[in-house]
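Colleague: Mind having a look at this structure? Questions to follow.
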Amino acid sequence: MHYIDVVIDNKSNNTDSFFTYAAPDEAGVGARLTVPFARRKKPVDAYCVRINPAPSYDASRIREIDSYIPERSLTPEMIETAMWMRRRYGVKYIDAIKMFTVGGKKEPAPKPHRIAGSDPGYTLSEEQERAAKIICKSVRDREFKAFLIKGVTNSGKTEVYMRAAEEALSMGRSVIVLLPEIALSAQVMKRFADRFGDDKVATLHSRLTTSAKLGEWLRIRRGEAQIVVGARTSVFAPLENIGAIIIDEEHESTFKSDHNPKYETVDIAYKRAAAHGAVLIMGSATPSVASYSRANTGVYQLLRMDHRIGTSTMPVIETVDMKAEIRAGNTGVISRQLARETENTLKRGEQVILFLNRRGFSTQILCPDCGYKMTCPDCGITLTYHKSFNAAVCHYCGRRFSLPEKCPDCGNRFIRYTGAGTEKVEETVKELWPDARVSRFDLDTASKSEDAGSVIEDFQKGKTDILVGTQILAKGLDFRNVGLVGIINADVSLNIPDYRSSERTFQLITQVAGRAGRAGGESRVLIQTYEPESDIIREAAAGDYESFYESELLHRNIMNYPPFSDIIAVGFVSDDADEAMNYADSFRKRLLGLKDIPEGAEILRARLEERKTDGKYRAEFIIKAPPGSRAGFVGEYMEYRDKMIAAKTDVFIDIDINPY
């Protein structure tokens, strides 16, 4: 019997600390337990976070645990990573720990495994061979190292990942493969299952049922599955002896969690890889500015793959000035040049991808007389007309609303539906090419992973001629017969009020364009834009990442944006606007009054907004923290939060580091 400190599985801020219990010696760090707690009649779940050889109070007051559950326990490394998350992101202990756990009580019946795995006899290109050799040496040497593979689309990055995984498995080690979208899991899982056997491959993501997730988690925890493929939460897979963590399309914003606990997947992967002496492999044709900067300063080792593999060739990329189209009398979503090229591509028996990063049919519902615009009463954002639902839909909360017969402000019966989404493009395409087989791939049609898999599979098998879709199409999908990619409105993401908008636009254009030309022969990409003179559009069309990176880095240096700082958003939410602002101003003044405030830090003024979702007020201010100073600001936040909790205030405080 020994003493341990545990974290209670409880949402209350008042229990966000350690509690001491007596436990059998086998219940060490990571142990999942049930313990008597407060005056509750039933024991509560808890996790051991450290051994406490010398409790600070009378041992007679220390109660014993109720039970120890070894099959659902974690490892010391997982607990240490959770403790690190608290320090890095200011999250609660239990919120960090539970990222490594799953719910459910009954494990599903095991599925029969059909695939044994096989060697495809794949011959690597010179660039693939070089990258794989460097990475595999670090795997063999058990050397923690972070690699950034900057490889053009279809340069064969996935096969390099495979070789690294193969090396890790040969040493009895495990592998995590992270993807930007759940919709990609099935395709990538199949590739790994074909190579290594599906009994070795598991997945963890939010669309699994509770019992299915538990079944996969237990397979991983027992060591039955050594490869985990999934979206960002798979970085918390309960693996031991990790040999490699792979992040494909590392630039994608989906690797940043915007739900509590808020974290950066790359950070967690880096921490876990370091703890295991594993390699971290990140790959992208368009690395994030932050990652490329780390590679250029030696934090990551940069590996370049500048050529496509096999007979695959880079597409010919052109821009189409949509202002000229309007002057010529064409007000539709498809330019004359895109229509001609689509016709020619279909005649050659090749497939077409049409990309527009807007769902729905029309992006605005408004009155031309008084200017009324239909918005969500809860969220305050513009509603989108979805013809398939015959409703106005909020893309934030998902609520649907009946369409107005007349303007609710002035009574005008001529309501206009403006802007175009993927539904409108799909309808237009079907009218222009009635004999073509057309499918749509966006969040509406890919709401279930099996639906997404069906759309992708049909396109890969040639059952679809034209595929219309949103940004999901830009995320690593491998199509072999695409002769034309049309980017309907390349400007959509360019004018979003986010310092990453230029980066996001460049990445989207480049990634979508990369779906073309993978089977060889000439392929084309047409970028429809209202701003053909934009440097971002021009650099993306030329595939000139280096020019984009240099100009973007200069801009961020001037503005003190990442990677030259960490952006920290601190928010206060209250029913009372003055109370929210008072707390925000109080904490801001506390930070400004610090004796050792880091040189170059910027603490901007707080701003207040009324939240449409619940009618509460949110006061928020931004900190631009110089490199190395983030931990200090997070520590100050946690101290201030603890004081608010002790004062039993009704005001809620939160923090988000480098928010999107």
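Colleague: What residue, among those in segment 74-93 that are buried (at least 21 other Cβ atoms within 10 Å of the Cβ) and more than 22 Å from the chain's Cα centre (by Cα), is nearest to ILE657 (Cα to Cα)?
Modeller: Here the answer is TYR93.
Colleague: Could you tell me whether any residue of segment 401-408 is closer than 25 Å to TYR530 by Cα and surrounded by 13 or more Cβ atoms within 10 Å (Cβ to Cβ)?
Modeller: No, the conditions are met nowhere in segment 401-408.
Colleague: A further question on this structure: Restricted to segment 443-482, and to residues that are modelled with pLDDT of 85 or more and charged (D, E, K, R), which residue is surrounded by the fewest Cβ atoms within 10 Å (Cβ to Cβ)?
Modeller: That would be LYS461.
Colleague: Hey, any hits in segment 101-120 for a residue that's under 14 Å from MET162 (Cα atoms), surrounded by 12 or more Cβ atoms within 10 Å (Cβ to Cβ) and modelled with pLDDT under 95? Outline the logic, then answer.
Modeller: Initial filter on segment 101-120 (under 14 Å from MET162 (Cα atoms)): 117-120.
Add one more test, that the residue is surrounded by 12 or more Cβ atoms within 10 Å (Cβ to Cβ), and what stays is 117.
Pick out the ones that are also modelled with pLDDT under 95 and you get 117.
For segment 101-120, residues under 14 Å from MET162 (Cα atoms), surrounded by 12 or more Cβ atoms within 10 Å (Cβ to Cβ) and modelled with pLDDT under 95: present.
Colleague: When the residues of segment 357-373 are narrowed to those that are surrounded by fewer than 20 Cβ atoms within 10 Å (Cβ to Cβ) and at negative phi, which ends up nearest to the chain's Cα centre (by Cα)? So that I can check it myself, show each step before the final result.
Modeller: Filtering segment 357-373 for residues surrounded by fewer than 20 Cβ atoms within 10 Å (Cβ to Cβ) gives 363-364, 366, 368-373.
In the following step, the residues that additionally are at negative phi were identified as 363-364, 366, 368-370, 372-373.
Working: THR363: 24, GLN364: 27, LEU366: 33, PRO368: 38, ASP369: 41, CYS370: 40, TYR372: 35, LYS373: 31 Å.
Here the answer is THR363.
Colleague: For residues that are among the charged types (D, E, K, R) and crowded, with 20+ Cβ neighbours inside 10 Å, scanning just segment 179-212, find the one that is nearest to GLU249 (Cα to Cα). Full working, then the answer.
Modeller: If we filter segment 179-212 for residues that are among the charged types (D, E, K, R), which is where we start, we get 181, 190-191, 194-195, 198-200, 207.
Going one step further and asking which of them are crowded, with 20+ Cβ neighbours inside 10 Å, we end up with 181, 195, 198, 200.
Details: GLU181: 10, ARG195: 21, ASP198: 23, LYS200: 23 Å.
Only one residue tops the list, namely GLU181.
Colleague: Turning to a different aspect of this structure: Restricting attention to segment 245-282, and to residues there that are among the small types (Gly, Ala, Ser) and farther than 26 Å from ASN557 by Cβ, which single residue is surrounded by the fewest Cβ atoms within 10 Å (Cβ to Cβ)?
Modeller: Here is the first cut: in segment 245-282, the residues among the small types (Gly, Ala, Ser) are 253, 257, 269, 273-275, 277-278.
Within this subset, residues satisfying the condition of being farther than 26 Å from ASN557 by Cβ are 257, 269, 273-275, 277-278.
Numbers: SER257: 18, ALA269: 26, ALA273: 21, ALA274: 13, ALA275: 17, GLY277: 17, ALA278: 29.
Selected residue: ALA274.
Colleague: Go through (1) surrounded by 14 or more Cβ atoms within 10 Å (Cβ to Cβ); (2) over 30 Å from LEU124 (Cα atoms); (3) modelled with pLDDT under 95 one by one and return the number of the condition ALA339 breaks.
Modeller: Of the numbered conditions (1) surrounded by 14 or more Cβ atoms within 10 Å (Cβ to Cβ); (2) over 30 Å from LEU124 (Cα atoms); (3) modelled with pLDDT under 95, the odd one out for ALA339 is (3).
Colleague: How many residues does segment 316-336 contain that are surrounded by 19 or more Cβ atoms within 10 Å (Cβ to Cβ), at pLDDT below 95 and assigned to a loop (DSSP other than H, G, I, E, B)?
Modeller: Of the residues in that region, 1 qualify.
Colleague: Restricting attention to helices (runs of 4 or more DSSP H) lying wholly within segment 458-564, give those where 2 or more residues are under 28 Å from THR345 (Cα atoms) and either touching a residue at least 40 places away in the same chain (Cβ under 8 Å) or outside the structural domain of VAL352 (by TED's automatic domain parsing) (or both). Steps first, answer last, please.
Modeller: Details: elements: 501-513, 535-542, 545-559.
Passing ranges, in order: 501-513, 535-542.
Colleague: Answer yes or no: is there a residue in segment 338-351 that is in a loop (DSSP other than H, G, I, E, B), on the phi > 0 side of the Ramachandran plot and assigned by TED's automatic domain parsing to the domain that holds THR510.
Modeller: So in segment 338-351, the residues in a loop (DSSP other than H, G, I, E, B) come out as 348-350.
Still in the running and on the phi > 0 side of the Ramachandran plot: 349.
With the extra rule that they be assigned by TED's automatic domain parsing to the domain that holds THR510, the set shrinks to 349.
Looking for residues that are in a loop (DSSP other than H, G, I, E, B), on the phi > 0 side of the Ramachandran plot and assigned by TED's automatic domain parsing to the domain that holds THR510, one finds at least one in segment 338-351, hence yes.
Colleague: Among LEU169, LEU148, which is the only one that is touching a residue at least 24 places away in the same chain (Cβ under 8 Å), assigned to a strand (DSSP E or B) and not assigned by TED's automatic domain parsing to the domain that holds GLY453?
Modeller: Details: LEU169 fails: assigned to a strand (DSSP E or B).
Answer to the selection: LEU148.
Colleague: Condition first: modelled with pLDDT of 95 or more and part of a helix (DSSP H, G or I). Now tell me which residues in segment 43-70 satisfy that.
Modeller: Of everything in segment 43-70, just one residue is modelled with pLDDT of 95 or more and part of a helix (DSSP H, G or I), namely PRO70.
Colleague: Then there is this: Quickly run through segment 240-288 and pick out the residues that are assigned to a loop (DSSP other than H, G, I, E, B) and charged (D, E, K, R). Quick ask: steps written out before the conclusion?
Modeller: First, the residues of segment 240-288 that are assigned to a loop (DSSP other than H, G, I, E, B): 240-241, 249-252, 257-263, 277-278, 285-288.
If the condition is that a residue be assigned to a loop (DSSP other than H, G, I, E, B) and charged (D, E, K, R), then GLU240, GLU249, GLU250, GLU252, ASP258, LYS262 are the ones that fit.
Colleague: Can you confirm whether segment 156-165 contains a residue that is surrounded by fewer than 21 Cβ atoms within 10 Å (Cβ to Cβ), in contact (Cβ under 8 Å) with a residue 60 or more places away in the chain and among the β-branched types (Val, Ile, Thr)?
Modeller: Scanning segment 156-165 turns up at least one residue that is surrounded by fewer than 21 Cβ atoms within 10 Å (Cβ to Cβ), in contact (Cβ under 8 Å) with a residue 60 or more places away in the chain and among the β-branched types (Val, Ile, Thr).
Colleague: Next question. Just the residues that are assigned to a loop (DSSP other than H, G, I, E, B), out of contact with any strand residue (DSSP E or B) (no Cβ under 8 Å at 6 or more places or on another chain) and within 21 Å of MET162 (Cβ to Cβ), please, taken from segment 194-222.
Modeller: Restricting attention to segment 194-222, the residues satisfying the condition of being assigned to a loop (DSSP other than H, G, I, E, B) are 197-200, 204-209, 222.
Then keep just the ones that are out of contact with any strand residue (DSSP E or B) (no Cβ under 8 Å at 6 or more places or on another chain); that gives 197-199, 206-209, 222.
Across segment 194-222, the qualifying residues are GLY197, ASP198, ASP199.
Colleague: Return yes or no: is LEU124 in contact with a Gly (Cβ under 8 Å, 6 or more places away or on another chain), assigned to a loop (DSSP other than H, G, I, E, B) and over 30 Å from PHE633 (Cβ atoms)?
Modeller: Values: in contact with a Gly (Cβ under 8 Å, 6 or more places away or on another chain): yes; assigned to a loop (DSSP other than H, G, I, E, B): yes; over 30 Å from PHE633 (Cβ atoms): yes.
So LEU124 passes the test.
Colleague: Of the residues ARG480, ARG524, which is touching a Lys or Arg at 6+ places or on another chain (Cβ under 9 Å) and under 26 Å from SER312 (Cβ atoms)? Please lay out each step first, then the result.
Modeller: Numbers: ARG524 fails: touching a Lys or Arg at 6+ places or on another chain (Cβ under 9 Å).
Matching residue, one of ARG480, ARG524: ARG480.
Colleague: So, of the residues in segment 35-66 that are exposed (fewer than 11 other Cβ atoms within 10 Å of the Cβ) and farther than 29 Å from VAL102 by Cα, which turns out to be nearest to the chain's Cα centre (by Cα)? Can you show your working first?
Modeller: Taking segment 35-66 first, the residues exposed (fewer than 11 other Cβ atoms within 10 Å of the Cβ) are 38-42, 53-54, 56-61.
Filter again for farther than 29 Å from VAL102 by Cα, leaving 53-54, 56-61.
Details: PRO53: 41, ALA54: 43, SER56: 43, TYR57: 45, ASP58: 48, ALA59: 47, SER60: 49, ARG61: 46 Å.
Within segment 35-66, the match that is nearest to the chain's Cα centre (by Cα) is PRO53.
The values are calculated or read from the model by the stated rules, or taken from the named source; none is laboratory data. Keep in mind that this is a model prediction, so the values were computed, not measured. Here the Cβ is made from the backbone with ideal geometry for all residues, glycine too, and neighbour counts use every protein chain on show.
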